[in-house]
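All of the numbers you see were taken from the coordinates with simple rules; none came from a lab. As the structure is a prediction and not an experimental result, all values here were calculated from the model. Glycine also receives a Cβ, built like all others from the backbone with ideal geometry; neighbour counts cover every protein chain displayed.
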């Protein structure tokens, strides 16, 4: 089948993880291109496409109507999960929004989440908070991958109620990285007291499963983060506050640990 829409690498990566035959809820649907592409390839059975902004909502309506898909893709105007009915979807996709916004959206309708067995998320910020919050609420991390689009690198996370890694199993990866980076404490004169905490933050920021892949894209992703830390540190050094010294050291040590992550073989 020839698709009538084109989705970029970021949404393609999200689409890869939608289970076949899913009843999809696409939150923040924009033009509804993701559910349209998935339905036109006969991958999903139906979808509810939701957007809280009038412009994208109207664009999604127009896109679905132009393809005569109103019977299978229901476009709704509203905030997050609020327009959904309990039990009508079993998979949710949320992409291109802040991680804290995602967590707020998911917390509002526990009745909707009862029938949802798969979450495919592409947060932009607060990735560590998303991972830890969902694992803390009983979700299992099934997969996570990086993807590049328009010279930016994004992470896609897949959660399931039925299969994947729980928090306890993922903590074994966290401990492995603590052990791997331990030699840096003496070599780089790092503070032992904050070493484990910094490693933990980095593992959950980059993603425990992503870190285990060791791809070129991951190396670039980590290097970009390291350069951001260095830039932040240089900005902090301009402050005249005496209280900033400890924070500068923490950011400096985080940068050193990221370099260790990059170089580890």
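Segment residue 249..residue 201, full-extension length gain: 15.7 nm, with 0.36 nm per residue of separation and the alpha-carbon distance subtracted.
Label sites at residue 85 and residue 227, each approximated as a point 7 angstrom past Cα along Cα to Cβ, lie 5.1 nm apart.
The stretch 1-50 to the stretch 119-187: how many Å between their Cα centroids? Each part's Cα centre sits 24 Å from the other's. Taken along the Cα-to-beta-carbon direction at a fixed 7 Å, the label points for residue 65 and residue 241 span 5.3 nm.
Overall size of the stretch 9-160 from C-alpha positions, given as principal axis extents largest first: 40, 38, 29 Å.
What is the list of residues in the stretch 64-108 whose amide nitrogen lies under 12 Å from a point 7 angstrom out from the Cα of residue 53, following Cα to Cβ? Answer for the stretch 64-108: 96-98. Rounded to the nearest 10 degrees, what's the angle between the helix 167-181 long axis and the longest principal axis of the chain, both from Cα atoms, 0 to 90? Roughly 30 degrees, rounded to the nearest 10.
Would any residue of the stretch 107-121 have its amide N under 17 Å from a label point 7 Å out along Cα→Cβ of residue 149? List them or say none. The answer is 120-121, whose backbone nitrogens lie closer than 17 Å to the label point.
The label-point distance for residue 185 and residue 161, in a model that sets each label 7 Å from Cα toward Cβ, rounds to 4.2 nm.
Looking at the chain, the DSSP beta bridges with both ends there are about 40 percent antiparallel. I'd like the FRET efficiency for residue 193 and residue 220, computed as 1/(1 + (r/R0)^6) with the beta carbon distance as r and R0 of 35 Å, rounded to 0.05. Approximately 0.65, to the nearest 0.05.
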